[in-house]
Amino acid sequence: MTINFELTALEQDGRRVRRATIGGRVFENVRNAIVQLQLRPGNPLSEAEIARQLGVSRQPVREAFIKLGEAGLVEIRPQRGTFVRLISIREVETARFIREAIEVAIVCKATAEASESDIAAMEELIGRQWSVARHGDNVGFLRLDEMFHQAIAGSAGCDDAWRVLEGLKAQMDRVRYLSLPEATPLDTIIEQHTAIIEAIKARSAKEAEAAMRRHLSEILISLPKLAHEYPSFFVV
């Protein structure tokens, strides 16, 4: 298990702040490695090895494992060790259902409240998505995808709702990383994003709702394909 982490700058913090900051950074780095499938479903996790790679003590790693367990990303098995959880198809479907309900409400609100500068910022993100897609940068693309949805939430004054979604969609995010670009072509996603923007520009809540539902249903198309192609990654 080899992952590149960078936490050395935190060594300059004060003792109390350093401990809190390191704990948060350890959690975020290991979470990202799991979501981005650098650490694959079913992989064992070594507390000592991750601590060594991060240059930290084992305590913040142990705390990160507990939080990751609460987030449904790792499984701590007494006397056996800690493992990256398999992707639960049921949990992905449930998270998608909840996310759709929230994001449809957000995008409908955005049709009434998004400013011209908000819309211009979304369109700029679309341009950047085309650029990274041409270079085959899947990690960069999904980061921009995240920024796009967050920008819609911000334009509707729903930043708090977006933070709720961030805590729900870790399982979905693993499927999204796995799906690109074969199961879900990048140009399809960008075209769906464009349709959402056009509906916001037209101030049409009905069109925005339909475009967002269509976009968030994409994972339901790719999920069965991926479960068939990577059966060892998934559990019902």
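Some values worked out for this structure:
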item	result
Overall Cα dimensions of region 135-178, principal axis frame, Å, largest first	33, 23, 8
Sparsely packed GluC sites (Glu not before Pro) within region 120-220, loop by DSSP, other Cβ within 10 Å at most 12	GLU182
Of the trypsin sites (Lys or Arg not before Pro) in region 39-102, those whose Cβ has at most 16 other Cβ within 10 Å and which sit in DSSP loop	ARG80
Around ALA95: net Lys/Arg minus Asp/Glu count, Cβ-Cβ under 13 Å	0
Residue of ILE190, ILE89, ILE98 that the Gaussian network model of the chain assigns the largest fluctuation, springs spanning Cα pairs under 10 Å	ILE98
Rg [Å, one decimal], Dmax [Å, integer] - region 86-236, C-alpha atoms	15.0, 47
Angle between the chain longest axis and helix 89-113 axis [Cα atoms, degrees, rounded to 10]	40 degrees
Whole-Å distance, taken between Cα centres, linking region 50-100 and region 116-164	26 Å
Modelled FRET efficiency - R0 25 Å, HIS228 with VAL164, Cβ distances, 0.05 increments	0.20
Antiparallel DSSP beta bridges within the chain, as percent of all bridges there, nearest 5	75 percent
Debye log10 I(q)/I(0) at q = 0.13, 0.14, 0.23, 0.28 Å⁻¹ for region 190-236, Cα point scatterers	-0.42, -0.46, -0.73, -0.91
Computed FRET value (nearest 0.05) for ILE66 with ASN43, which takes r as the C-beta separation and R₀ as 25 Å	0.90
Net lengthening on full extension, SER57/SER88 (0.36 nm per residue, minus Cα-Cα)	8.0 nm
Estimated inter-spin distance, SER131 and ASN32, nm [label 7 Å along Cα→Cβ]	2.0 nm
Theoretical FRET efficiency, 1/(1+(r/R0)^6), r = Cβ-Cβ of VAL236 and TYR177, R0 35 Å, to 0.05	0.95
Positive-end residue, region 91-134 charge dipole about Cα centroid, Cβ charges, pick of VAL132, ALA114, VAL104	VAL132
Using alpha-carbon coordinates, inclination of helix 218-229 to the longest axis of the chain, degrees	40 degrees
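All of the numbers you see were taken from the coordinates with simple rules; none came from a lab. The model shown is predicted, which means the values in this text are computed figures rather than measured ones. All Cβ positions, even for glycine, are placed from backbone atoms using ideal geometry, and neighbour counts span all protein chains on display.
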